[in-house]
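The block underneath contains the structure these notes are about, expressed in structure tokens.
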Amino acid sequence: MRGPLLSGALGSPATLGRVCSLVRDRSPIVVLSALWLAETLASELEVLALVEDDKRSAAQRALRRARKAGHRLDIVVAAAEVPLAPVSVGAVVLDSLVDIEDQAAARDLIVALLPALKRDAVVISLDATKSPPLEARVSEIFLASSLAKIAQARPREGALVTTGFAPHPAVCAARFAALGSEQ
């Protein structure tokens, strides 16, 4: 499996192979925003892509290609408005968490996903970076989001795969109770 030509280190067989090994037994798999990644992973796995409304026509093209190739890809447009059922998602894959400049916004994105995660679910961020401060920033976002068993791997130079697992349900309940009291 290989990503599109311009996907760089993130689309390398080593990186995508690592992601597949992490999510293979954790369905359903949700890919946020990255159509190229959802389409590529769908060549081996069943994937649900959540994309923004401005990617509607690209999503339609990706869906046609996937259907023609017999791949298991579903796409939902308007990701911000699509609620995921509680405790229903086995894996979430994000592309380029380092590109979100506001760390609090990145943290809030992951925290908003916590109720949808199954108990053994994994959250993965794929980032193209060689910068140790940016690598640390991604792990800080995962830690601030209450994810457990956080790890980072570099399957290829320039590719960073950060993983974190769903926290214990009691941690999620405490986290949301604290958020409710802050407002």
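For the range 111-127, which positions are among the aliphatic types (A, V, I, L, M) and out of contact with any Asp or Glu (no Cβ under 7 Å at 6 or more places or on another chain)?
So the first thing to find is which residues in the range 111-127 are among the aliphatic types (A, V, I, L, M), and the list is 111-114, 116-117, 121-124, 126.
Correct list: Val111, Ala112, Leu113, Leu114, Ala116, Leu117, Ala121, Val122, Val123, Ile124.
Looking at this structure, is Gly164 closer than 17 Å to Asp108 by Cβ and touching a helix residue (DSSP H, G or I) at 6+ places or on another chain (Cβ under 9 Å)? Outline the logic, then answer.
On the way: closer than 17 Å to Asp108 by Cβ: yes; touching a helix residue (DSSP H, G or I) at 6+ places or on another chain (Cβ under 9 Å): yes.
Spelling it out, Gly164 is indeed closer than 17 Å to Asp108 by Cβ and touching a helix residue (DSSP H, G or I) at 6+ places or on another chain (Cβ under 9 Å).
In this structure, does Arg107 turn out to be outside any strand (DSSP E or B), open to solvent by 60 Å² or more (accessible area, probe 1.4 Å) and of a type in the set (D, E, K, R)?
Considered against the rule, which asks whether it is outside any strand (DSSP E or B), open to solvent by 60 Å² or more (accessible area, probe 1.4 Å) and of a type in the set (D, E, K, R), Arg107 comes out as yes.
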Scan the range 117-129 residue by residue and report those that are surrounded by fewer than 18 Cβ atoms within 10 Å (Cβ to Cβ) and within 13 Å of Pro86 (Cα to Cα).
Lys118, Arg119
Checking Val138 against (1) outside any helix (DSSP H, G or I); (2) in contact with a helix residue (DSSP H, G or I) (Cβ under 9 Å, 6 or more places away or on another chain): exactly one of these is not met. Which one?
(1)
So which of Ala91, Ala69, Ala58 ends up being modelled with pLDDT of 90 or more, touching a Leu at 6+ places or on another chain (Cβ under 6 Å) and closer than 25 Å to Ala9 by Cβ?
Ala58
Scan of the range 17-55 for residues that are under 22 Å from Ala151 (Cβ atoms), of a type in the set (A, V, I, L, M) and at pLDDT 90 or above, ordered by number:
Val19, Leu22, Val23, Ile29, Val30, Val31, Leu32, Leu37, Leu41, Leu45
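How many residues are open to solvent by 30 Å² or more (accessible area, probe 1.4 Å) and within 16 Å of Ala148 (Cα to Cα) if we restrict to the range 90-104? Break it down into steps so the answer makes sense when it comes.
So in the range 90-104, the residues open to solvent by 30 Å² or more (accessible area, probe 1.4 Å) come out as 95, 99-104.
Cutting the leftovers down to within 16 Å of Ala148 (Cα to Cα) gives us none.
Residues flagged as open to solvent by 30 Å² or more (accessible area, probe 1.4 Å) and within 16 Å of Ala148 (Cα to Cα) within the range 90-104 amount to 0.
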Quick check: anything in the range 149-169 open to solvent by less than 60 Å² (accessible area, probe 1.4 Å), in a helix (DSSP H, G or I) and modelled with pLDDT under 95?
no
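Take residues that are surrounded by 20 or more Cβ atoms within 10 Å (Cβ to Cβ) and of a type outside the set (Ser, Thr, Tyr) and tell me which of the strands (runs of 3 or more DSSP E) falling wholly in the range 17-89 contain 3 or more. I'd like the intermediate steps shown before the answer.
Numbers: elements: 29-32, 47-51, 73-77.
Per the criteria, 29-32, 47-51.
The values are calculated or read from the model by the stated rules, or taken from the named source; none is laboratory data. Given the structure is predicted, the values throughout are model-derived calculations rather than measurements. Reconstructed Cβ throughout: ideal geometry from the backbone, glycine too, with neighbour counts over all protein chains shown. For the accessible areas, the whole protein counts, side chains as well, though only heavy atoms, and no ligand, DNA or RNA atoms are used. Shrake-Rupley method; radii C 1.70, N 1.55, O 1.52, S 1.80 Å.
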